[in-house]
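Colleague: Here it is, the structure in full.
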Amino acid sequence: MAKYNFKIVYEIIDEWEEFHKVGQAIWFNKNIEQAVVLNANVLTAVSKPLIEKFSSIRKDIHLLPNGYDPALLGKQNRAIAKRNSKNAQLQIGYFGHLTEAWFDWDFLFSVLEQIKTENLDLHFHLIGYGEPNLADKFKQYQNLLTFHGRVQPADLWKYAQNWDAALICFKSNALSEAVDPLKIYEYGFFGLPVIVKGISHLNSFSYVNVIQTEAQFIDAARQIQNQPNSALGSKKELDLILESSTWKQRFSELLRLLEKEQWISF
């Protein structure tokens, strides 16, 4: 590339090495990835854990997170979630991949069992695909869990408008910790506070509660139920996050980065 005066722009969007370990990203080659990282003129990553992973070979990695598209979700659907759950059944939703490679089904079912035992008034809604064969489990918790299957992004608001909170429930490992999930911005757009397991760096968001145990999940859910109006944190802070996290803004940041030659290594 240097021979022809080309410049290499490389974005580290996922922990491909960890994906490879769980049978995905079968094309991954560590030597090739490191070579690209070393030779890129402009290098970005979507999360701080990904920056830290390559910090031993590059110190000029720019943080450029993922984003969301308000038009795709429907601009009129901003803050559409009802969040009026006080003294009512708490509705918690999730949309995205459901593969057992990183979605923590064991944790979710453990939470469901605790909810069942304590007779808590809570219901989960799952939207997505890639789930393992869990027909018996779904039947066992049919009064606490509804699986809606695939839903187009433009139709997510039809479900989110009836939720009080959202969920990210990933296994706690190097794969999940490096993720910057698009859904974290989309949940915020709909006006949903989020309970997160498996991605600790998301605790920087004002509307996110990062938990590790089933007991912490129950406490977070109760807090949302008892204080629905404060669960999103500061409206000003949420608006600032959403305004700066659209794909249009992310692309503008990338263009500014490309125009600043001090970020370009030769």
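The values are calculated or read from the model by the stated rules, or taken from the named source; none is laboratory data. Not measured: the values here are computed from a predicted model. Note that we place each Cβ from the backbone using ideal geometry, even for glycine, and neighbour counts take in every protein chain shown.
Colleague: Of all residues being within 18 Å of the chain's Cα centre (by Cα) and among the hydrophobic types (A, V, I, L, M, F, W, C) in segment 241-254, which is farthest from ALA88 (Cα to Cα)? Just the residue, please.
Modeller: TRP247
Colleague: Still on this model: Kindly indicate whether PHE107 is under 26 Å from ALA160 (Cα atoms), not small (Gly, Ala, Ser) and not in a helix (DSSP H, G or I). Spell out how you get there, then give the answer.
Modeller: Working: under 26 Å from ALA160 (Cα atoms): yes; not small (Gly, Ala, Ser): yes; not in a helix (DSSP H, G or I): no.
In short, no.
Colleague: Here is a further query. Which one of LEU240, LEU202, LEU257, LEU232 is among the hydrophobic types (A, V, I, L, M, F, W, C) and in contact with a Pro (Cβ under 7 Å, 6 or more places away or on another chain)?
Modeller: Of the residues listed, the single one that is among the hydrophobic types (A, V, I, L, M, F, W, C) and in contact with a Pro (Cβ under 7 Å, 6 or more places away or on another chain) is LEU232.
Colleague: Continuing with the same structure: I'd like to know if segment 217-239 contains one or more residues that are of a type in the set (A, V, I, L, M) and assigned to a loop (DSSP other than H, G, I, E, B).
Modeller: Yes, that holds for at least one residue.
Colleague: Kindly indicate which of ALA165, ALA154, ALA135 is closer than 25 Å to ASN229 by Cα, in the same structural domain as LEU98 (by TED's automatic domain parsing) and not polar (S, T, N, Q).
Modeller: None of the others qualify; the one that does is ALA165.
Colleague: For the subset of segment 78-103 comprising residues that are part of a loop (DSSP other than H, G, I, E, B) and more than 17 Å from PRO193 (Cβ to Cβ), which member is modelled with the lowest pLDDT?
Modeller: ASN87
Colleague: Test PHE107 against the criterion of being under 19 Å from ALA215 (Cα atoms), of a type outside the set (Val, Ile, Thr) and out of contact with any Leu (no Cβ under 6 Å at 6 or more places or on another chain), and give yes or no.
Modeller: yes
Colleague: Okay, next question. Would you kindly identify the helices (runs of 4 or more DSSP H) lying entirely within segment 1-77 that contain at least 1 residues that are under 28 Å from TYR187 (Cα atoms) and touching a Pro at 6+ places or on another chain (Cβ under 6 Å)?
Modeller: 70-73
Residues checked against (1) touching a helix residue (DSSP H, G or I) at 6+ places or on another chain (Cβ under 8 Å); (2) buried (at least 22 other Cβ atoms within 10 Å of the Cβ); (3) modelled with pLDDT of 95 or more; (4) closer than 23 Å to SER245 by Cα:
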{"position": "LYS139", "(1), (2), (3), (4)": "no, no, no, no"}
{"position": "GLY149", "(1), (2), (3), (4)": "no, no, no, no"}
{"position": "ALA154", "(1), (2), (3), (4)": "yes, no, yes, yes"}
{"position": "ALA166", "(1), (2), (3), (4)": "yes, yes, yes, yes"}
{"position": "SER176", "(1), (2), (3), (4)": "no, yes, no, yes"}
{"position": "ILE184", "(1), (2), (3), (4)": "yes, yes, yes, yes"}
{"position": "LYS197", "(1), (2), (3), (4)": "yes, yes, yes, yes"}
{"position": "LEU202", "(1), (2), (3), (4)": "yes, no, yes, yes"}
{"position": "PHE217", "(1), (2), (3), (4)": "yes, yes, yes, no"}
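Colleague: Confirm whether VAL42 is over 25 Å from VAL194 (Cβ atoms) and either of a type in the set (Val, Ile, Thr) or in the same structural domain as PRO181 (by TED's automatic domain parsing) (or both).
Modeller: Yes.
Colleague: A follow-up question, please. For residues that are surrounded by fewer than 21 Cβ atoms within 10 Å (Cβ to Cβ) and within 15 Å of the chain's Cα centre (by Cα), scanning just segment 44-63, find the one that is farthest from GLN249 (Cα to Cα).
Modeller: PRO49
Colleague: Pairs only if they're at least six apart or on different chains, beta carbon under 6 angstrom, first in segment 171-192 and in a loop (DSSP other than H, G, I, E, B), second surrounded by 24 or more Cβ atoms within 10 Å (Cβ to Cβ) and among the hydroxyl-bearing types (Ser, Thr, Tyr); list them, first residue then second.
Modeller: From segment 171-192, the pairs are ALA178/SER47; ASP180/SER47.
Colleague: Given (1) touching a His at 6+ places or on another chain (Cβ under 8 Å); (2) crowded, with 20+ Cβ neighbours inside 10 Å, where does GLN89 come up short, assuming only one miss?
Modeller: (2)
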